[in-house]
1. Every residue in the range 119-132 that is closer than 22 Å to Ala226 by Cβ and either among the polar types (S, T, N, Q) or open to solvent by 10 Å² or more (accessible area, probe 1.4 Å) (or both), please.
2. Can you name the helices (runs of 4 or more DSSP H) wholly within the range 130-223 that have at least 3 residues being under 23 Å from the mean Cα position of the chain (by Cα)?
3. When residues of the range 102-123 are filtered for being under 23 Å from Ser215 (Cα atoms) and either in contact with an Asp or Glu (Cβ under 9 Å, 6 or more places away or on another chain) or free of Cβ contacts under 8 Å to residues at least 40 places away in the same chain (or both), how many remain?
4. Can you go through Gln160, Gln145 and tell me which one is within 16 Å of the ligand (Cβ to nearest atom), among the polar types (S, T, N, Q) and in contact with a Ser or Thr (Cβ under 9 Å, 6 or more places away or on another chain)?
5. Looking at (1) within 15 Å of the ligand (Cβ to nearest atom); (2) within 20 Å of Ala134 (Cα to Cα), can you tell me which one Glu219 breaks?
6. Inspect all residues belonging to the range 78-90 and state whether any of them is in contact with a strand residue (DSSP E or B) (Cβ under 9 Å, 6 or more places away or on another chain), surrounded by 19 or more Cβ atoms within 10 Å (Cβ to Cβ) and free of Cβ contacts under 8 Å to residues at least 24 places away in the same chain.
7. If we scan the range 99-118, do we find a residue that is part of a loop (DSSP other than H, G, I, E, B), more than 16 Å from the ligand (Cβ to nearest atom) and closer than 23 Å to Lys203 by Cβ?
Amino acid sequence: RERLKRGLARTREALGGRLSGLFGSHTQIDEALFEELETILLTADVGVQATEALLATLRARVKRDRLTDAAQLKAALIEAMTELLAPLEKPLEISTHKPFVIMMVGVNGAGKTTTIGKLAHWLQNQGKSVLFAAGDTFRAAAREQLLIWGERNNVTVIAQEKGDSAAVIFDAVQAAKARSIDVVLADTAGRLPTQLHLMEEIKKVKRVIAKAEPSAPHEILLVLDANTGQNALAQVKAFDDALGLTGLVVTKLDGTAKGGVLAAIAQSRPIPVRFIGVGETKQDLQPFRAREFVEALFE
Ligand code: GDP
């Protein structure tokens, strides 16, 4: 919890801090208060649609419950925000298949490789065995980075000097079956939704994984850098249309004031946020919990 609050420090300032200031400086609920509230939400990247939805909910509550003072509105906002984010709270469930195959996708630098490292730590803490597939075959540095995470977490890494992503991950799934490993974490190269040939390539990777294990991949996680703000919505849409995402990981929430983007995602395409990244160490990955998240922002 403390780690979460620390990790969200900048969004807390942008959103929670400014809202506290707002509710501190107004005693009555009036139009001016709503206008300032709108500006603050937009500044924290909550997005136009989600902001409008939140304000509409608040206006309805003010009317229904005959709220008059600003402190009551703050409580109503916390509730409304929690309700908006609640559909994103669906924890990762890995006991359904063995090996459980998780494929990470996203743009370059979003935090795919780092998240794999952190996720391995999280899984191992639950007694699960893990195998890495170095499926980012475009950048040698990505493979090196994954090997380092493998060493750090005592995880075997399936990698090839040459060869394509699909082949490496196929091998890794076979190896996991042979060794009775619980979870395969497959890295893939970074790509932009506009790079259509690369979007086709990732679809192929998915198809090839199913050849190694018919029910796989069991989870396709889009890793999103929270700093991309509203652009994250376009990434979610494009990757979901191409692959059928099962979840999101929102990284670098610690370095940004744009944590409100989760509300925008909830409003536009509520794909479960399996985890949030709030720092660079292996402990800095947390399952997303709506209430905890909102409370960390406002308390
Ligand atoms: P990839 O290209 O998607 O595999 O991205 P990387 O995993 O290489 O991450 C890019 C950079 O972001 C690295 O310097 C990571 O340490 C950093 N990073 C990843 N996740 C987080 C996070 O949650 N917080 C912070 N502060 N940095 C992160």
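1. His121, Trp122
2. In the range 130-223, 140-153, 196-212 are the helices (runs of 4 or more DSSP H) which contain 3 or more residues that are under 23 Å from the mean Cα position of the chain (by Cα).
3. 7
4. Going through Gln160, Gln145 in turn, the sole match is Gln145.
5. The single condition Glu219 does not satisfy is (1).
6. The answer is no, given that none of the residues of the range 78-90 is in contact with a strand residue (DSSP E or B) (Cβ under 9 Å, 6 or more places away or on another chain), surrounded by 19 or more Cβ atoms within 10 Å (Cβ to Cβ) and free of Cβ contacts under 8 Å to residues at least 24 places away in the same chain.
7. yes
Here is a yes/no grid of residues against (1) in contact with a Ser or Thr (Cβ under 7 Å, 6 or more places away or on another chain); (2) open to solvent by less than 30 Å² (accessible area, probe 1.4 Å); (3) part of a helix (DSSP H, G or I):
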residue: Arg6; (1), (2), (3): no, no, yes
residue: Arg10; (1), (2), (3): yes, no, yes
residue: Glu13; (1), (2), (3): no, no, yes
residue: Gly16; (1), (2), (3): no, yes, yes
residue: Phe23; (1), (2), (3): no, yes, yes
residue: Ala32; (1), (2), (3): no, no, yes
residue: Leu37; (1), (2), (3): no, yes, yes
residue: Thr51; (1), (2), (3): no, yes, yes
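The values are calculated or read from the model by the stated rules, or taken from the named source; none is laboratory data. The structure presented is a predicted model; accordingly, all values stated were derived computationally and were not measured. Positions of Cβ are generated from backbone atoms using ideal geometry, with glycine treated the same way; all protein chains shown enter the neighbour counts. For the accessible areas, the whole protein counts, side chains as well, though only heavy atoms, and no ligand, DNA or RNA atoms are used. Shrake-Rupley method; radii C 1.70, N 1.55, O 1.52, S 1.80 Å.
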